[in-house]
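Everything on this sheet refers to the single structure shown next.
Taken together, the values in this text are just the output of simple stated rules run on the coordinates, not laboratory data. The structure presented is a predicted model; accordingly, all values stated were derived computationally and were not measured. Counting neighbours? That spans all protein chains shown, and the Cβs are built from the backbone with ideal geometry, glycine included.
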Amino acid sequence: MTNELLELLAAHPVFSSLSEADRSRLADLAVPRRCAAEEFLVLAGDCWPYLFLVVEGCLLALKESSEGRSLIVADVEAGEVFWGLAFFEPGMPNPVSLQSRGATRLYLWMAEDLQPLLLENGRLMWELARAMVRRMLRASEVIEGLAFQPIASRLARLLLDQIPADRPSVPRSLTLDELAARLGTSREVVCRALYRFAGDGLINVTRTEFTLTDRDGLSRLVEGD
């Protein structure tokens with residue numbers, strides 16, 4: 001048990017309803033884990049009966065096509081919980097791989113260790129169900145974008161999400177490959193779209209940063225104007 005984990009559990013919306021004794025019990029069951037940058041925590045197809053809480057860093061949920069193309073369907077960031085399907089349904093293979101974006105630290109709980117605590121605490125189950133609903137809504141937004149929005153609109157939305165309104169320039173932390181994986185396309189298509197945006201005066205792209213020069217113009221692309 002660590003004081004850090006106890007403090008995280010006490011402040012976390014999923015676990016804060018537990019009594020102090022149950023949070024201590026939960027902390028005792030936790031398995032600490034560290035992942036190096038781009039390390040896989042679990043691969044798609046594995047039966048992985050764990051729930052986890054990210055403490056530092058970020059994990060990417062990846063789908064792979066038969067042609068080897070990747071799609072990032074979710075980010076699991078610090079403070080968020082996530083789970084393998086086998087945590088709730090024994091023997092169910094994971095539909096996605098989980099890969100650390102950078103150095104990442106988390107705590108894991110096995111299904112057989114955590115299940116008694118879940119069954120004893122209705123509020124804990126309720127908050128976990130709410131976390132599932134939020135995750136489903138995010139997945140729905142990804143699917144809707146892939147199904148109904150052209151690449152230019154999806155890329156414009158991604159850039160607007162990445163670059164705050166009060167700070168027009170940000171470092172290029174996303175590679176072309178990661179941009180493509182978030183949009184469900186190829187790096188060549190992303191590169192052409194970025195050059196088009198730059199040619200239209202919407203952005204300025206250097207080797208080290210993105211700068212928005214026309215936020216309203218990008219917003220109109222997102223809206224389909």
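A few remarks follow.
- When the square roots of the Cα gyration tensor eigenvalues are ordered a ≥ b ≥ c, the ratio a/c for region 45-173 is 1.5 or more and a/b exceeds b/c, which makes its shape prolate.
- Here region 58-99 is assigned +1 on the Cβ of each Lys and Arg and -1 on the Cβ of each Asp and Glu. Its dipole about the Cα centre then comes out at about 100 debye.
- Estimated from the Cβ-Cβ distance and a Förster radius of 35 angstrom, the FRET efficiency linking SER19 and ASP46 is about 0.55.
- Matching the structure-derived percent of Cα pairs over 28 Å apart against the labelled list [x] 39; [y] 23; [z] 32 gives the label [x].
- √(5λ) per eigenvalue of the Cα gyration tensor, region 150-222, largest first, Å: 17, 14, 11
- In this structure, GLU56 and ARG187 have a Cβ-Cβ separation that, at R0 = 22 Å, corresponds to a calculated FRET efficiency of about 0.20.
- Tensor-based shape of region 102-143 (alpha-carbon gyration tensor, a/c under 1.5 rounded, otherwise prolate or oblate): oblate
- The amide H of CYS58, built 1.01 Å from its N in the peptide plane, has ARG101, GLY102 as neighbours under 5 Å, considering only residues 5 or more places off or on other chains.
- Membrane-span-like helices of the chain, defined as complete DSSP H segments with a Cα extent of 20 Å or more along the helix axis and a mean Kyte hydropathy of at least -1.0, are identified as 122-148.
- In nm, spacing of pseudo-spin labels at GLU39 and GLN115 (7 Å Cα→C-beta vector): 2.9
- The distance between label points at MET92 and ASP166 comes to 4.1 nm (points 7 Å beyond Cα on the Cα→Cβ vector).
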